[in-house]
Amino acid sequence: MFRLVALAHYEGTVAQWQNVNGENSSVTRVLRDELSAPIGRYEAARGGGGAISYAFRKREAEGRSFVGTYLRVAFCGAGLLARASTNN
């Protein structure tokens, strides 16, 4: 979660690299991993949703399009907002 915030902040949302095992990775891949991770007591306490939100807002500030994983985040966020407004 903290790596997502750091990477998005310092490298931008289109950053790509190769890890020590020679595998290609990217900020988008880290975001996808965060989205697929189970949300348990410890993950929620560490603020995993905040990291996803930060990466989304950073992408928006960069003026980049919302496709793929970022589009999934947009739909999930819209769904959460809709559910929250109906529960009030």
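What follows is calculated from the coordinates using simple rules that are stated; it is not laboratory data. Keep in mind it's a predicted model, so treat the numbers as computed, not measured. Glycine gets a Cβ as well: all are built from the backbone with ideal geometry, and neighbour counts include every protein chain shown.
Just a few scattered comments:
- Put a dot 7 Å past the Cα of residue 75, heading toward its Cβ, do the same for residue 9, and the two dots end up 3.1 nm apart.
- Distance between the pseudo-spin-label points of residue 67 and residue 16 (7 Å out from Cα toward the beta carbon): 1.3 nm.
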